[in-house]
1. Among the numbered criteria (1) at pLDDT below 80; (2) part of a helix (DSSP H, G or I); (3) open to solvent by 70 Å² or more (accessible area, probe 1.4 Å); (4) within 11 Å of chain A (Cβ to nearest Cβ), which single criterion is violated by residue B:96?
2. Can you name every residue in region A:378-410 that is in contact (Cβ under 8 Å) with a residue 60 or more places away in the chain and farther than 23 Å from residue A:459 by Cβ?
3. Could you run through region A:135-153 and say how many residues are within 7 Å of another protein chain (Cβ to nearest Cβ), open to solvent by less than 20 Å² (accessible area, probe 1.4 Å) and either of a type in the set (Asp, Glu) or in contact (Cβ under 8 Å) with a residue 24 or more places away in the chain (or both)?
4. Please find, among A:35, A:40, the residue that is open to solvent by 10 Å² or more (accessible area, probe 1.4 Å) and either closer than 16 Å to residue A:129 by Cα or in contact (Cβ under 8 Å) with a residue 40 or more places away in the chain (or both).
5. Considering only region B:1-38, state which residues are open to solvent by 40 Å² or more (accessible area, probe 1.4 Å), more than 25 Å from residue A:180 (Cα to Cα) and under 12 Å from the mean Cα position of the chain (by Cα).
6. Can you pull out the helices (runs of 4 or more DSSP H) entirely within region A:311-407 that have at least 2 residues that are within 19 Å of residue A:247 (Cβ to Cβ)?
7. Since residue A:199 meets every condition but one in (1) within 25 Å of residue A:122 (Cα to Cα); (2) not in a helix (DSSP H, G or I), which condition does it not meet?
8. Is it true that residue A:118 is open to solvent by less than 10 Å² (accessible area, probe 1.4 Å), β-branched (Val, Ile, Thr) and touching a residue at least 12 places away in the same chain (Cβ under 8 Å)?
Amino acid sequence: MLLVWPVAVPMGAAVLTLLAARSVRAQRVLSLAGALALLAAGTVLLVTVLREGPQAAQMGGWAAPYGITMVADLFSAALVFATGLMAVLTIFHGLVRPGDTGEHFGHHPLTQSLLLGICGAFLTGDLFNLYVWFEVMLIASFGLLVVGGRREQFDAAVKYAGLNLVATLTFLTGVGLLYGAAGTLNMADLHLTLAGRSGETAVLGAAMLLLFAFGAKAALFPVFFWLPASYHTLSITTSALFAALMTKVGVYALIRVFTLVYDAGEPPIASLLLWGGVLSMVVGVLGAAAQMEIRRILAFHSVSQIGYMVLGLALHTGLGLAGAIYYLFHHIVVKSNLFLIAGAVRDRTGSEDLRTIGGLWKRSPGLSILFLVSALSLAGLPPFTGFWAKLLVLRASLDAERYVAAFAVLAVGLLTLFSMTKIWNEAFWKPHPGDARRRFSSRLALIPVALLAAITLAAGVVAEPFIDAATEAAAQIVDPARYLQAVGVTRELSP
Amino acid sequence: MIAVSVGVLVAAGSYLMMSGRLLPYLFGLVLLSNAGNLAIFGSGRLTYARPPLVPEGAQALELANALPQALILTAIVIGFGLMSYTLALSLRSWQETGTTRMDEMRLAEPEERG
């Protein structure tokens with residue numbers, strides 16, 4: 001039952017909020033309660049996995065590999081926990097910050113469905129169900145994209161939908177090919193069935209299709225264009241939730257499939273991942289440098305940060321994976337916080353365009369400090385989490401003697417600092433050009449912001465337990481024996 | 001035969017998607033999704049007139065694989081839902097932006113204003 005709750009809770013909340021469609025107030029209460037219950041379910045799951053190792057459940061009692069398996073190792077469980085936490089914070093933020101979410105048009109049911117899809121994707125044990133959960137997530141995100149009904153939202157949604165549908169089809173075809181080659185779709189079973197077969201054409205072809213599909217979901221170079229085209233048209237709350245979780249599902253799928261099903265160290269996969277990661281880092285940060293709107297800068301930075309995580313995976317060492325995992329959680333906290341801050345900036349100045357705003361340091365020193373914490377953490381300065389995340393990836397790439405990648409890690413960090421400085425100079429430091437249009441500023445809406453900033457500071461100062469946890473999660477991924485045992489697929493490696 | 005039709009569908013779909021206009025793009029997506037479904041069908045080792053279930057005690061050397069059908073059924077339902085959503089979205093977007101040419105849809109990505 002433990003594994004079912006994180007999926008059942010958002011599903012129930014989605015149904016209930018849909019039933020309460022007439023009353024926005026009831027929807028708000030139900031939505032927040034659902035998020036809190038999800039956080040509780042995630043906490044219970046995480047504690048159990050920490051204590052007892054990977055957990056698995058077979059739906060309907062059909063043993064793997066024939067039935068539908070749900071499985072959680074430390075990585076999945078921690079991600080479900082993070083999903084719950086971000087759900088609580090962003091939904092709370094959406095409640096206290098009135099305005100742009102479009103609550104009358106199904107914002108709450110869609111958000112809960114999005115959480116449902118995300119948790120399902122983190123917990124599923126087979127590839128076809130991963131596809132189904134991706135679809136649940138995708139459909140909900142399509143809805144959330146257009147829920148405000150502004151013109152630029154439709155434009156963004158067409159691009160988002162068009163590009164993501166291609167990735168989805170590629171994913172499906174890859175799954176089909178893999179099924180044809182291996183006769184199973186259970187990931188643990190695939191691990192055994194495909195061992196030593198990665199040179200076969202069908203298996204390799206499926207790997208390329210899956211790499212393309214997950215790369216597109218994660219916004220990896222060269223298939224990232226949908227992300228900067230769409231994120232800044234969302235409502236603030238939703239874009240923070242998207243930035244925290246949507247691309248991470250793609251990264252999660254990459255890590256899961258290219259460690260468990262495929263070996264990321266195999267020649268074509270490894271170099272594609274490596275260069276995809278490095279080029280994402282560079283292209284993303286350069287794209288960000290050219291932008292003048294806060295959320296567009298942040299969206300391009302997401303592409304760059306995803307590159308770091310994929311680089312960690314591509315290095316194919318325990319340290320690299322630990323770096324990728326630590327980076328992933330760091331990014332969930334920091335990037336969503338920066339999106340929330342972008343909303344606060346817009347509330348206080350009426351715009352996100354850096355050319356037309358300014359003077360926030362004088363008027364809201366508190367907000368400025370919160371921005372500084374998150375921005376410096378994103379750029380990778382100590383004592384914040386970003387420093388440790390970048391350090392882990394850097395050390396892993398030096399250990400693997402990938403000096404170009406190591407150089408990119410440092411250079412991109414510097415460029416990130418540069419564009420954060422740009423936001424700081426333009427929005428906070430320089431005097432406000434023209435009349436200051438102050439719309440409203442809710443102090444309550446800053447509570448999630450302050451909390452997330454506190455997390456990145458605290459987890460940066462007391463980094464050791466978190467790095468240990470990431471290392472342990474990476475160890476469970478590198479040696480999936482316990483994962484296989486939990487799923488119950490034990491077979492001799494040689495047929 | 002299956003392989004050829006998958007190839008033709010993929011080629012036609014990709015060609016349509018290159019056109020830079022919304023409606024051909026959608027038709028291209030439809031063709032591609034059918035190609036994907038057929039590929040799964042083919043990957044299940046097609047057989048003709050074989051039962052998917054074997055009576056107790058009977059010896060069956062050839063039997064149909066029921067799983068690809070289940071997978072495709074799911075995929076078709078999902079694909080159909082997504083496609084109807086995308087069609088509705090395209091209609092709305094055409095009404096809102098007044099164009100179906102991708103190059104002219106630059107509301108969300110404004111060109112450099114200098």
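1. Just one mismatch for residue B:96, condition (3).
2. Passing the criteria: A:399, A:400, A:402, A:404, A:405, A:408.
3. Matching residues across region A:135-153 total 1.
4. Criteria check complete, one pass: A:40.
5. B:27
6. In region A:311-407, A:318-349, A:365-379, A:385-399 are the helices (runs of 4 or more DSSP H) which contain 2 or more residues that are within 19 Å of residue A:247 (Cβ to Cβ).
7. Condition (1) is where residue A:199 drops out.
8. Here the answer is yes, as residue A:118 does meet what is asked.
The values are calculated or read from the model by the stated rules, or taken from the named source; none is laboratory data. Predicted model, so just to flag it, every value in this text is computed and none were measured. FYI the Cβ positions are ideal-geometry reconstructions off the backbone, even for glycines, and counts take in every protein chain you see. These area figures cover heavy atoms from the full protein model, side chains too; ligands, DNA and RNA do not enter into them. Shrake-Rupley method; radii C 1.70, N 1.55, O 1.52, S 1.80 Å.
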